Amino acid sequence: MYVPKAFAEDNPDTLAALMRQASFATLLTSRDGVPLGSHIPLHLDQTGGHSGGQPGRLLGHLARANDHWRDFDGETEALAIFQGPHAYISPNWYETPNMVPTWNYAAVHAYGAPRVIEDAEQTLAILNQLVEANESDATGNWSMQKPDADVLRGMLKGIVAFEMPLSRLEGKWKMSQNRKPQDARGAAEGLRQAGGPEAEVVAAAMEARIEP
C-alpha cells in the first residue's frame, strides 16, 4: 500500500481497533498470477501470548464450495484489507484557494500465510469466537450451543475454517494531515454539515490529527 509519511499509522492498538470495527474484510491471494479474492468476516485473535511483536492471527471460514481455501497452504502470503471510515472532501471547505477534491479514509493491510483447519473442535472454537465477537444484547446473544448437535455437525461439512498468523500490518489514515490546520478544520466542519453515514467519524479523526 502506498503510504506517505504524513498518513502512516503504526500504533498497534489503533490498527487492531479498526480491524475489529471493520471486520468484514477482503482476503486476497494469487493463483497462477491471477488475483483471487473473497469478502468475509475475519476475527482478530490476539490471545495465546503472541511474542516478538507479532500482531496475532486472523480467524475465518469459507464455504467449501468456494475453492479459494485451496490456496491456504500455510506458506503462501495473503493480504486481508480492512476498510475503515471514508468520505469525500470538497475544496469548497478549505480557506486556501485553488485546491482540488480528495478522499479521506483509513485502512489496514494485514499480511500472513493462511492455513486450513481440519480439526472439528478447532473449527467449532473458531466459529465460537466469530459469533461471540458479533453477538450482543441487541441481537439476542445467539450462541453455537443453540443448534441441534447433529444439525451443526452436518453444517460443518459445508465450510472450511482457517487461521492466518499475521506477519505484518500496514496502516494508513489519510485525514488531511498534509493540509494547513485551518483547511483541515474547515473540511471537518464542512463534512459535518454535509452529513453522511461516516461524516462524524471522519471529521473527528481529522480533528484528532491537526497539529496544535
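Here are the numbers for this structure:
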{"read-out": "Verdict on ARG209 being closer than 18 Å to TRP93 by Cβ and free of Cβ contacts under 8 Å to residues at least 60 places away in the same chain", "value": "yes"}
{"read-out": "Test: residue in the stretch 5-12 that is within 20 Å of MET164 (Cα to Cα), among the aliphatic types (A, V, I, L, M) and over 13 Å from the mean Cα position of the chain (by Cα)", "value": "no"}
{"read-out": "Lone unmet requirement of (1) surrounded by fewer than 16 Cβ atoms within 10 Å (Cβ to Cβ); (2) assigned to a strand (DSSP E or B) for THR76", "value": "(2)"}
{"read-out": "Test: residue in the stretch 155-164 that is exposed (fewer than 15 other Cβ atoms within 10 Å of the Cβ), without any contact (Cβ under 8 Å) to a residue 60 or more places away in the chain, assigned to a helix (DSSP H, G or I) and in contact with a Pro (Cβ under 9 Å, 6 or more places away or on another chain)", "value": "yes"}
{"read-out": "Check on GLY171, within 17 Å of the chain's Cα centre (by Cα), surrounded by 13 or more Cβ atoms within 10 Å (Cβ to Cβ) and within 30 Å of ASP32 (Cα to Cα)", "value": "yes"}
{"read-out": "Members of the stretch 1-16 that are in contact with a Lys or Arg (Cβ under 9 Å, 6 or more places away or on another chain), buried (at least 16 other Cβ atoms within 10 Å of the Cβ) and part of a helix (DSSP H, G or I)", "value": "PHE7"}
{"read-out": "Any hit, the stretch 22-40, residues being loosely packed, with under 13 Cβ neighbours inside 10 Å and either among the small types (Gly, Ala, Ser) or at positive phi (or both)", "value": "yes"}
{"read-out": "Tally, over the stretch 93-110, of residues that are assigned to a loop (DSSP other than H, G, I, E, B) and surrounded by fewer than 19 Cβ atoms within 10 Å (Cβ to Cβ)", "value": "7"}
{"read-out": "Unmet requirement for ALA199, which otherwise passes all of (1) more than 24 Å from the chain's Cα centre (by Cα); (2) crowded, with 17+ Cβ neighbours inside 10 Å", "value": "(1)"}
{"read-out": "Complete set of residues in the stretch 137-168 that are within 20 Å of the chain's Cα centre (by Cα) and either hydroxyl-bearing (Ser, Thr, Tyr) or over 30 Å from ASP13 (Cβ atoms) (or both)", "value": "SER167"}
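Table: residues versus (1) within 28 Å of LEU156 (Cα to Cα); (2) of a type in the set (S, T, N, Q); (3) out of contact with any Lys or Arg (no Cβ under 6 Å at 6 or more places or on another chain).
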site: LEU18; (1), (2), (3): no, no, yes
site: GLY37; (1), (2), (3): yes, no, yes
site: LEU58; (1), (2), (3): yes, no, yes
site: ALA63; (1), (2), (3): yes, no, yes
site: ASN66; (1), (2), (3): yes, yes, yes
site: ASP73; (1), (2), (3): yes, no, yes
site: GLU77; (1), (2), (3): yes, no, yes
site: GLY84; (1), (2), (3): no, no, yes
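To keep it simple, each residue is scored yes or no on (1) among the hydrophobic types (A, V, I, L, M, F, W, C); (2) at pLDDT below 95; (3) more than 19 Å from LEU130 (Cα to Cα).
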{"position": "THR29", "(1), (2), (3)": "no, no, yes"}
{"position": "GLY52", "(1), (2), (3)": "no, yes, yes"}
{"position": "PRO55", "(1), (2), (3)": "no, yes, no"}
{"position": "SER90", "(1), (2), (3)": "no, no, yes"}
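The values are calculated or read from the model by the stated rules, or taken from the named source; none is laboratory data. This structure is a prediction, so every number in the text was calculated from the model and none was measured. Please note: Cβ atoms are built from the backbone with ideal geometry, for glycine as well, and neighbour counts cover all protein chains shown.
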